[in-house]
Amino acid sequence: MHGNDDSILCSDAVVPPTAASQNPTPSPLEPSTGKRKPCKKESDVWEHFEKYDLVLDLKGVDGSKRKEVEKRAKCKYCSATYASDTKKNGTSNM
């Protein structure tokens, strides 16, 4: 063996990282580690409304009772109320 032979690899050798190991492509099965998409800014209209939950007692055709919660918003100035569920209703009617 020669003392200056660079072709011999040792198990203790430090291997410099390659471009592929520094920026691996995420697998479709693995969760993404990238930055999350920023949340939308809440509408300025909410400065003029107060959010609350309206609890409704409903009776079924068969006589069964159940409760349902409806998201509502009340105007701070005129007390008008609007449906305000973020998944079902928007703020364009406010």
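Yes or no: GLU47 among the charged types (D, E, K, R), modelled with pLDDT under 80 and loosely packed, with under 10 Cβ neighbours inside 10 Å?
Judged against the criteria, GLU47 is not a match.
Taking only region 79-94 into account, find how many residues are closer than 12 Å to GLU50 by Cα and loosely packed, with under 10 Cβ neighbours inside 10 Å.
Count: 1.
So which residues in region 41-61 are of a type in the set (D, E, K, R) and over 22 Å from LYS74 (Cα atoms), if there are any at all?
If the condition is that a residue be of a type in the set (D, E, K, R) and over 22 Å from LYS74 (Cα atoms), then LYS59 is the only one that fits.
The values are calculated or read from the model by the stated rules, or taken from the named source; none is laboratory data. Predicted model, so just to flag it, every value in this text is computed and none were measured. Note that we place each Cβ from the backbone using ideal geometry, even for glycine, and neighbour counts take in every protein chain shown.
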